[in-house]
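The values are calculated or read from the model by the stated rules, or taken from the named source; none is laboratory data. Keep in mind that what you see is a predicted model, and the values were worked out from it rather than measured. Positions of Cβ are generated from backbone atoms using ideal geometry, with glycine treated the same way; all protein chains shown enter the neighbour counts. Remember, those area values only see protein heavy atoms, side chains included, never the ligands or the DNA or RNA. Shrake-Rupley method; radii C 1.70, N 1.55, O 1.52, S 1.80 Å.
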Amino acid sequence: MIEIVNEYTKFGPLFLVDEEHYAEFCSYLKLATYKKSDFFLKEGEKCQYLGFLKTGFMRTFYINDSGEDVTFNFHFDNNFFTDYESILCDTKSRMNIKAVSDAEVILLHKNDLQKLYQKDVYWQEFGRKMTEVIYLGAKKRIEELLYYSPEIRYNNLLTENAQIFQLVAQKHIASYLGVKPPSLSRIRRRILKR
């Protein structure tokens, strides 16, 4: 991963790695490109990688019992994404992760992550921090669904990344918010009137 070895100030803090260990960490990474609509992960596959979105945009979704495509999460530049349950439990994923736009993704294979853990305590601490980031992201998503109205979830999404509304089909945004497309249209109209 020569391209980012000299970019510690940009990527080191995002990766939760200190300067002393950064070059070692980069030696395990590889860069992959995904075209719009390419899959990072398909339902039924075992997830092999932790991904870090250098540029681009990804969507995590599943197909429910009624055959509907339900968006679970969106992933923007400088965000980690993966199916961590599939990695931890070595099980087939129930999720799909797909590129919404062309994307550059920095990959860390799950076996290389295990190699780092076995090296020394620093990497075990790194693993704990990464797990906490993933946990807090999942907790935030669950809390939004449990505690906030669709309108507040809409505003939060708009604040986080307004560009999403130009990149993603309205039906995917609606499913992410937990509403049907007509409800999303009503929410948007109400907000525009303010």
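List of remarks:
- Note on exposure: Glu19, Glu68 ranked by accessible area (1.4 Å probe, complete protein assembly) read Glu19, Glu68, with the most exposed listed first.
- Projecting the Cα atoms of Tyr28, Ile191, Leu116 onto the charge dipole of the chain (Cβ charges, centred on the Cα centre) puts Ile191 farthest toward the positive pole.
- For the chain, the solvent-accessible area with a 1.4 angstrom probe is 56 square angstrom per residue.
- Apportionment of accessible area to carbon and sulfur, the chain, percent (1.4 Å): 52
- Estimated at 0.36 nm per residue, the fully extended path between Ser185 and Ala23 surpasses their Cα-Cα distance by 53.5 nm.
- Stretching the chain fully between Glu125 and Phe39 yields a gain of 27.9 nm (0.36 nm per residue, less the alpha carbon separation).
- Taking Gly67, Gly56, Gly44 in turn, the Gaussian network model of the chain (Cα-Cα springs below 10 Å) assigns the largest fluctuation to Gly67.
- Computed from point charges on the beta carbon alone (+1 for Lys and Arg, -1 for Asp and Glu), the dipole magnitude for the chain about its Cα centre is near 1160 Debye.
- Highest-MSF residue in the chain out of Gln114, Gln48, Gln166 [GNM, Cα springs under 10 Å]: Gln166
- Where Met95, Met58 fall by accessible area, highest first, once all protein chains stay in place (1.4 Å): Met95, Met58
- Helix-derived mean residue ellipticity, 222 nm - over the chain, DSSP H n ≥ 4, -39500 (n - 2.57), to 500: -15000 deg cm²/dmol
- At 0.890 mPa s and 25 °C, Stokes D of the chain from Kirkwood alpha-carbon radius, µm² per second: 137
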